[in-house]
Amino acid sequence: MIRLKNSSCFLRESGAEGDAMKKKIQKISAFILSVIMVCTILPVRAAGFEIPGICQVQADNGAVRTVKTLDYSYNNNTYFSLRDMAMVFKDTEKAFSLEITKNTVSLNPGGVYTPVGVENTLWEDSESPDISLKRSEFKVNGQTVYYYTLIMELPVGGYDCFMMAADLAMILDVDITVPAADSLQIDLQNSFCISPEKLEQDGYFYGVNSVLAGDASTGEIYYRYQADMAYPIASTSKLMTCLLTMEAISAGQIAPESVVTVSDAVQLLAESDDGVIPLEAGQQITVEDLLFGTLLPSSNECALCLAETIAGSEEAFVERMNQKAQKLGLSQAVFYNCNGLPCYTEEFVPSKRQNRMSAEDMFKLVSYLLKVYPQITDITSMESATLETLDLEVRNTNPLLYNLPEVTGLKTGTTNKSGACLVTSLTVSDGAMEHDLVVIVLGAEDSMARGRVSELLARYAMQAFYTGEEKPEADGMSEDLPVHAEAAVERILQTAKKQ
């Protein structure tokens, strides 16, 4: 009996251990399966952050050269060796010299490149680059430009720099095509050329919410993508704030030299994570400095200070913003605050809201602003300025201001929901009059993508303007849009009714 009892205990214990082992095996199997699924779902990546490769590059009918490449994080997100590319362009009319240090790049078109001995060779097996993509100090003919690059230390000493082929093509003003996989053909005889329709077919604009490029002086739209849909616009909202400020100045309500006293609410915002300029309650600052602070470093507290000065409170000012949007025929626009920050309702379950607008509405707003108050570009075209009443230097957040001499503004904006936004204005001339071209990019993934998409479309807009490409019928404002504010509003309203 005792033996039988012990046997029963043994059997029960063995069964318990078996169940435990079975559960353990199931957990291990589930973990392995999860790992396999994650590896299958995630994009293919190298062990590090860069995937070394090579590309065959030819300039016109010159020699085909091997150019080292780095795919940053993902396949085909390709950056090209500048030293290798310098040899491709060597002895051509687009040759350039190159100086690269750990954090700086200096490229001089027309200069003579001095090889360092590593150009147009294959990657060494021992080379395992692990470098970060960053906006290093980059100068072209001594002028600072903003492009993102990868800088790598060479085994023989010194450094190489990797950059996007499109960025190099824009700098050198050459046309580049891809005749086959892992190859580039450089056309030295033709200027940089871009087709947004081709980019759209290739899915290039999947990474943004919407884009639009057009002539604000005539109302002609050169290209648009999802431009009739409303999206969060972040700090580009401040363009409406500045419009109402300019109107208040024009009406004699305030003057640029008017002195404003900073409120407690403004100080609270300045002290928050969204603060840009350290303003304190009771401090005095001029309207002009508030405008500069709003437009250049995108100060949220400066925008709030303007709103309170003009309307008495932000709530009253926001009412004016929405009223103005209706008068201008901005059918997709809605404003909740004066600066574009996310704001919450006071409900039991609060809603997080953000100012919204379509790219088409933004084009109408900017066209009106540039036509009626062109002096705004006197501010937005500045790389930096000093706020006299604060004795504080501020810098412009617009990267295209450094890359294209035609750029005159206008405004950047970024929140988690809106993505990276940029409204760009450029001044061009047809020989008889100056035109304001406008490029709007809403919802880019980051500031790097925002800058590249904006510059591509800015160059396309100039290309369309100067070559006289066939353009769609004017969308909105005509060439003879009146300069007087009220007459301009009436013209826009009439056009909106027709549409």
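The values are calculated or read from the model by the stated rules, or taken from the named source; none is laboratory data. Bear in mind the structure is a predicted one, so any value in this text is a computation, not a measurement. Here the Cβ is made from the backbone with ideal geometry for all residues, glycine too, and neighbour counts use every protein chain on show. Each accessible area value is taken on the protein alone, full model and side chains, heavy atoms only, with ligands, DNA and RNA left out. Shrake-Rupley method; radii C 1.70, N 1.55, O 1.52, S 1.80 Å.
Numbers for the structure displayed
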read-out	value
Within the accessible area of region 60-185 (1.4 Å probe), percent carbon and sulfur	46
Per residue accessible area of region 56-195, 1.4 Å probe, in Å²	47
Inter-probe distance in nm under a simple model that places probes 7 Å from Cα toward Cβ, at residue 156 and residue 200	4.8
³J(HN,Hα) computed for each position of region 84-98 - Karplus, 6.51 cos²θ - 1.76 cosθ + 1.60, integer Hz, glycine/proline x	5, 5, 4, 6, 5, 8, 4, 6, 10, 5, 10, 5, 8, 8, 8
Relative contact order %, region 253-382, counting alpha carbon pairs below 8 Å whose residues are six or more apart	18
Amide H partners (placed H, <5 Å) of residue 194, local residues excluded	none
Built amide H within the under 5 Å cut-off of residue 154, gap 5+	159, 160
Percent RCO, i.e. relative contact order, over region 131-232, from Cα pairs under 8 Å lying at least 6 residues apart	12
Cα centroid separation - region 64-83 against region 199-214, whole Å	24
Links that overshoot a 28 Å alpha carbon limit, given the list 238/352; 198/324; 198/371; 139/417; 198/327	198/324; 198/371; 139/417; 198/327
Amide H partners (placed H, <5 Å) of residue 95, local residues excluded	110
Highest average packing first - 392-401, 372-381, Cβ atoms within 10 Å	392-401, 372-381
Set of aspartates and glutamates with alpha-carbon distance to residue 90 below 18 Å, sequence-local pairs under 8 removed	60, 99, 119, 160, 173, 175, 187
Karplus-derived 3J(HN,Hα), 6.51/-1.76/1.60, for each residue of region 224-233, Hz, glycine and proline x	8, 9, 6, 7, 9, 9, 7, 9, x, 10
Carbon + sulfur, % of accessible area of region 248-334 - ligands and nucleic acids excluded, 1.4 Å	44
